[in-house]
Every structure is written in structure tokens, then in C-alpha cells.
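Single-structure report; data block below.
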Amino acid sequence: MKHLLTVEQLSGREIADIFKLAREFKKGRGKAKQKQPLKGQSWALIFNKSSTRTRVSFEVGIRELGGSSLYLSTNDIQMGRGETVADTARVLSRYIHGVVIRTYAQSDVEQFAGAGSIPVINALTDDEHPCQILADLFTVVEKRGALKGKKVVFFGDGACNVANSWLFGAAKTGMEIWVAAPKNFQPGSEWVKRAGGNVHVTEDVDAAAKNADVLYTDVWVSMGKEAEGAVRLKILAPYQVNAAVLKQAKPDALVMHCLPAYIGKEITADVFQAHQKTIFDQAENRLHVQKAIMTLLAK
């Protein structure tokens, strides 16, 4: 594994290796003897989108792995404004040992990886959110064991980056994935075709939720979609994760949310509160999974 740009590029073996290392890092955190594969290394975080969990988990992770981090807002550098992405990649490859990029265009992280000579991690684009989905899958493994055959249902905006990455994550691990969304918010047919696996796309919330092992949702108005906010909230309202949806799922179903959560919109307060341990375990696991990813890329 040279880069982490998409979940699509990963093999089942590579996902298993990430989980194995993440488990070790989580168990050993805070103990005296920890692996420091980034010792003496400097990693850059290039962020074109604001962030809480992604920035903090990567900065802490780099530090715990023995490295140092440099946060670069795209307002502070010339990438894409006065200098091409490719030239920025070539220059930074002379200074740093790896880069984490959170931006809009998937093509930016791909161009950077193609032109540079250092590992590149996609920390979110409009197309994919691979680190989030790997942390999500790891959380399900922790709580329910093997992933194969488990049914996960994504509710709401099924055409977003998180849903796209879930299509690939489910296919790579043998899960059955349902996307419950109104027609204009369903994943594109090309994404479904590329993902392969056991994928079901429907407008029927009850059919999707029936006997589910995992109920998953995300914000309905993502960054860059604020102008569509009122319309989105109205159209997506029937796809809220609430008590009625939960009744259709298995009694021990996990409820997951990648945060931030807008209580009363994509998820009700009672469901969020009842399942907050899983949701915040999921958030914590970003740290451990990303440490595993950086370790594998640093070899």
C-alpha cells in the first residue's frame, strides 16, 4: 500500500492488516513501549475544509507515532491558486515524509499522489471518506465480530462521500449494504456498479431497516451544501433514524453516526443518547485506525 486514496483500492488483506494494527495501538495506548514508526519524520496536513475529529486524531496520531505534524490551510499555501497540485507535491516531497489531505476534489489527492514521492492519505473529499469508513468497519468488528453477512443500512443522503465509501467497504468485507434514500439522493449507478458486492438501493425505509445489524446516518447538509439546506431537510425528513426505524432492525442493532450530529434532523435525541457509546467509540477509533494506516504507509 503506497497511498490511501479510496476504499476501492484496498484489498481484503490490507483492511485486515489495518484492523490488526489498530487493535494493537488501541490496546497499547499510554503504555511505556509503543511503536514509533514515524520517529524523525514530519507529516503535513493540508486542509481545505474545516475539521474537528480528522485534524485532532491525525495530529495526535502522528505525535504518538513519534513524528511531528505541520498544519497547512489552503489559505496559507499556494496549492491550486498560484501553483499546481503536481508542483506542490513535488516541492513538499523534498521536505516532508507524508501528507494528509482534506479537500473538495478527489482529483487533487490523486494528482498529488501521482506527482509526489511520499505517502498520501485522503482525509475526505467530495467523493470518498476512506478513513471514516475504515474506522466504522473496525468498530463493527469490535462490537459484533466478523463482518461477513452483516446487514448495514445507510439512511439519508446516499449520494454523499460517506455512503460512497461504505459501498466499497461493505463489498470488500462481505457485508450486505442497503441505502435508504429518496431518488435524487441515491448513489449513482456507476458507484454501485464499481463497488459490486451485495448492494440494495431503495426509497422504502422499513424494508431497508428490517433485520439490520447496523443503522447508519450522516448529516443531511454537508459543507458546501448550505444553500440547499431547507430543501434537503424537507426531502430527507422521512429518512430520519428514530425509534420506529430501530424497531424494524435486530434487537441488538448498532446505531452509528460519523458526527457531527444534528439532533432532531437525521437522528432523534432518544436514539442518539441510547447509542452514544457506540457513536463515540466510533469517533475514538479514527485515531487508532489512522495510526495503523500511517504505520503501514511509512514502511
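Nothing in this text is a laboratory measurement; each read-out follows from the coordinates by a stated rule. In this text the structure is predicted, and so the values were computed from the model without any measurement. Cβ sites come from the backbone with ideal geometry, for glycine too, and all protein chains shown count toward neighbours.
At a glance:
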item: Flag for residue 268 being of a type in the set (S, T, N, Q), within 17 Å of the chain's Cα centre (by Cα) and surrounded by fewer than 20 Cβ atoms within 10 Å (Cβ to Cβ); result: no
item: For residue 134: the one exception among (1) buried (at least 19 other Cβ atoms within 10 Å of the Cβ); (2) within 30 Å of residue 99 (Cα to Cα); (3) out of contact with any helix residue (DSSP H, G or I) (no Cβ under 7 Å at 6 or more places or on another chain); result: (3)
item: Test: residue in region 287-296 that is among the charged types (D, E, K, R), out of contact with any strand residue (DSSP E or B) (no Cβ under 9 Å at 6 or more places or on another chain) and surrounded by fewer than 21 Cβ atoms within 10 Å (Cβ to Cβ); result: no
item: Qualifying residue in region 233-251 (condition: over 18 Å from the mean Cα position of the chain (by Cα), under 19 Å from residue 138 (Cβ atoms) and surrounded by fewer than 21 Cβ atoms within 10 Å (Cβ to Cβ)); result: no
item: Subset of region 271-280 (residues that are within 30 Å of residue 21 (Cβ to Cβ), surrounded by fewer than 16 Cβ atoms within 10 Å (Cβ to Cβ) and not polar (S, T, N, Q)); result: 277, 280
item: Condition check for residue 15: among the β-branched types (Val, Ile, Thr) and under 30 Å from residue 143 (Cα atoms); result: yes
item: Residue among 73, 11, 57, 50 that is free of Cβ contacts under 8 Å to residues at least 40 places away in the same chain and either loosely packed, with under 13 Cβ neighbours inside 10 Å or under 23 Å from the mean Cα position of the chain (by Cα) (or both); result: 73
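For every residue, the table says whether it meets (1) under 16 Å from residue 155 (Cβ atoms); (2) part of a helix (DSSP H, G or I); (3) free of Cβ contacts under 8 Å to residues at least 24 places away in the same chain; (4) out of contact with any Gly (no Cβ under 7 Å at 6 or more places or on another chain).
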| position | (1), (2), (3), (4) |
| --- | --- |
| 220 | yes, no, no, no |
| 246 | yes, yes, no, yes |
| 255 | yes, no, no, yes |
| 283 | no, yes, no, yes |
